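What follows is a short report on a single structure.
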Amino acid sequence: MGELVLAAKVTHVPSMFISEKEGPLHGIRESAIQGLRRIGDMCRELKVDTIVISDTHWLVNAGFHINAKPEMAGVFTSTEFPHFLNNMEYSHTGDPELGQQIAEIATNNGVTTLCHHEVETLQLQYGTLVPLRYLGIGNDIKVVSIAGWMYDADLEESKQVGEAILEAINKSDKRVAFLASGSLSHRIPPNKVVGDYMFKISEPLNQEIDLMVMDMWKTGKTKAFLELLPKYAKDCSGEGGMHDTAMLFGLLGWDKYEGCAEVMTEYFPSSGTGQCNVVFPV
């Protein structure tokens, strides 16, 4: 029987890639990078076989979709932020068996989901690639990437996908980590001023609500958070509609979850958005 051994909400801000480079912005995201490295260390200590990532940079229009192709390698440049994230080499190994199991269970439970483990040209998005880079994951741990930005689906469906992920894990023989890869609030400032917001939030109220949400997570107020989630995702422009977060809590047991989250990277604003790295005990 398989086991969920780690669950987390993580940042994928492309400014971490800039932070690696020599120059005036060197080191600006060191705390975010270190938080992800701690989570990567935890994965290795827990002998994780596969990491499942809900990626809010993968937009899909019809059905839920999974990338679990065996060979995942290439060079990535973001079409959104090519000046931040470019020519990033990566090499990962997918887990077709687990990806297909998740898709079949989710579909049988009423949420149409397809696993594309035989589509060699389907590329990973940076909501998957950036966390893996700073977790320090190469080909030693397998990867399943799930689209976390649904054009026209409700959060209940993503909750059900999260439940299907847990069921698939339990039916497998694998030790699995799940990452919800996305920001908290996600209001990027207008183009004319966005360059001034590298270290600022776009809407001060968004930051107050983000911090309130993190406090709910830290104090185990899951039911209160889930009651807030749909309005929070809408009013604070949660990244990808916060479908990654709905999958996370579906996986954890939804409103029955009573764990108190541990912060790996304290809250920080980035290009107007709210970011953090947080682990949820399982």
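The values are calculated or read from the model by the stated rules, or taken from the named source; none is laboratory data. Small disclaimer: the values here were computed from a predicted structure and weren't measured. Reconstructed Cβ throughout: ideal geometry from the backbone, glycine too, with neighbour counts over all protein chains shown. Surface areas here come from the heavy atoms of the whole protein model, side chains and all, with no ligands, DNA or RNA. Shrake-Rupley method; radii C 1.70, N 1.55, O 1.52, S 1.80 Å.
Structure values in brief
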{"read-out": "Cut-off 18 Å (backbone N to label point 7 Å along Cα→Cβ of residue 91), residues of region 136-168", "value": "136-143"}
{"read-out": "Ordering of 2-10, 131-139, 177-185 by burial proxy (mean other Cβ atoms within 10 Å per residue, highest first)", "value": "177-185, 2-10, 131-139"}
{"read-out": "Residue 47-residue 31 pseudo-label distance in nm [points 7 Å out on the Cα-to-Cβ vector]", "value": "3.6"}
{"read-out": "Region 39-167: C-alpha gyration tensor shape, a/c 1.5 cut-off, then a/b vs b/c", "value": "oblate"}
{"read-out": "The chain, accessible area per residue, ligands and nucleic acids excluded (1.4 Å, Å²)", "value": "43"}
{"read-out": "Gain upon complete extension [residue 121, residue 139; 0.36 nm per residue less C-alpha separation]", "value": "4.6 nm"}
{"read-out": "Exposure of residue 171 as accessible area (Å², to 10), given a probe of 1.4 Å and all protein chains", "value": "120"}
{"read-out": "Calculated volume of the Cα convex hull per residue in Å³ (choose from (1) 116; (2) 173; (3) 160), label", "value": "(1)"}
{"read-out": "Shape call, region 68-115: gyration tensor on alpha carbons, a/c limit 1.5", "value": "oblate"}
{"read-out": "Calculated from backbone phi, Karplus (6.51, -1.76, 1.60) coupling profile of region 142-156 in Hz, x at Gly/Pro", "value": "6, 10, 10, 10, 10, 4, x, 10, 9, 5, 9, 9, 9, 5, 4"}
{"read-out": "Nitroxide proxy distance, nm - points 7 Å out along Cα→Cβ at residue 61 and residue 20", "value": "3.3"}
{"read-out": "Members of 21/218; 21/47; 142/171; 192/231; 9/231; 159/231 lying beyond 26 Å, as alpha-carbon distances in this model show", "value": "21/218; 21/47; 192/231"}
{"read-out": "Rounded Å value of the spacing that divides the Cα centres of region 1-36 and region 227-282", "value": "16"}
{"read-out": "Carbon/sulfur fraction of accessible area - the chain, other protein chains in place, 1.4 Å, %", "value": "50"}
{"read-out": "FRET efficiency, 1/(1 + (r/R0)^6) with R0 51 Å, evaluated for residue 258 and residue 203 via beta carbons", "value": "0.95"}
{"read-out": "Net length gained if the chain between residue 108 and residue 152 were fully extended (0.36 nm per residue, minus Cα distance)", "value": "13.9 nm"}
{"read-out": "Full-extension gain in nm, residue 234 to residue 171, via 0.36 nm per residue minus C-alpha separation", "value": "19.2 nm"}
